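Enquirer: Before I ask anything, here is the structure I am working with.
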Amino acid sequence: MILGAPYLREIIIKRDNEMLVVRILFQIIGTVLVLFGLLGILTPIPLGFVFFIIGLMFLIPTSPLVVRIIQKTRRRYKKVDGAFDAITHRLPLPYRRILKKTEVSDPYP
């Protein structure tokens, strides 16, 4: 048996638990921002769009379901795909990487 292996296992389990907490926290924050964004879109000054996009930035890396929903929406609606493309090219690199996960290979079959 490797000396220190039990300690290494404890460290790995602790790190996995911390990552799970961070993931759940990101999902909660993202969901709240998306909901706030949807409500804000209905106001005369549509600042809700900003909150919606920020919420998606929290949800895309942590939820495969959200990625699939966005990909399906991009395939189905040409304007949504165009808007995501326009936003993706204007964002800084870390955010571009997040939105690249939602790109579809053949958006208009």
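The values are calculated or read from the model by the stated rules, or taken from the named source; none is laboratory data. Predicted model, so just to flag it, every value in this text is computed and none were measured. Cβ atoms come from the backbone with ideal geometry, glycine included; neighbour counts cover every protein chain shown.
Enquirer: Taking region 54-74 only, how many residues are over 23 Å from Met19 (Cα atoms) and out of contact with any Ser or Thr (no Cβ under 8 Å at 6 or more places or on another chain)?
Expert: Applying the first criterion (over 23 Å from Met19 (Cα atoms)) to region 54-74 yields 69-74.
Cutting the leftovers down to out of contact with any Ser or Thr (no Cβ under 8 Å at 6 or more places or on another chain) gives us 69, 72-73.
Qualifying residue count, region 54-74: 3.
Enquirer: Being farther than 17 Å from Pro61 by Cα and in contact with a helix residue (DSSP H, G or I) (Cβ under 6 Å, 6 or more places away or on another chain) is the filter here; which residues of region 71-92 pass it?
Expert: The answer is Thr73, Arg74, Val80, Asp81.
Enquirer: Let me ask something else. Answer yes or no as to whether Leu38 is at pLDDT 90 or above and surrounded by fewer than 18 Cβ atoms within 10 Å (Cβ to Cβ). Explain how you work it out, then say what you get.
Expert: Working: at pLDDT 90 or above: yes; surrounded by fewer than 18 Cβ atoms within 10 Å (Cβ to Cβ): yes.
Against the criterion (at pLDDT 90 or above and surrounded by fewer than 18 Cβ atoms within 10 Å (Cβ to Cβ)), Leu38 qualifies.
Enquirer: Let me ask something else about it. Give just the number: which of (1) closer than 12 Å to Lys101 by Cα; (2) free of Cβ contacts under 8 Å to residues at least 40 places away in the same chain does Gly48 not satisfy?
Expert: Against the list (1) closer than 12 Å to Lys101 by Cα; (2) free of Cβ contacts under 8 Å to residues at least 40 places away in the same chain, Gly48 comes up short only on (1).
Enquirer: Of the residues that make up region 81-93, is at least one within 18 Å of Thr31 (Cα to Cα), among the aliphatic types (A, V, I, L, M) and either surrounded by fewer than 11 Cβ atoms within 10 Å (Cβ to Cβ) or in contact with a Leu (Cβ under 9 Å, 6 or more places away or on another chain) (or both)?
Expert: No, that holds for no residue.
Enquirer: Let me ask another. Quick check on my filter: what residues within region 94-109 are of a type in the set (S, T, N, Q) and either out of contact with any helix residue (DSSP H, G or I) (no Cβ under 9 Å at 6 or more places or on another chain) or at pLDDT below 85 (or both)?
Expert: Ser105
Enquirer: While we're on this one: Out of region 60-109, which residues are of a type in the set (Asp, Glu) and touching a Pro at 6+ places or on another chain (Cβ under 6 Å)?
Expert: Correct list: Asp81 only.
Enquirer: What is the residue count in region 67-80 for residues that are exposed (fewer than 12 other Cβ atoms within 10 Å of the Cβ) and in contact (Cβ under 8 Å) with a residue 12 or more places away in the chain?
Expert: 1
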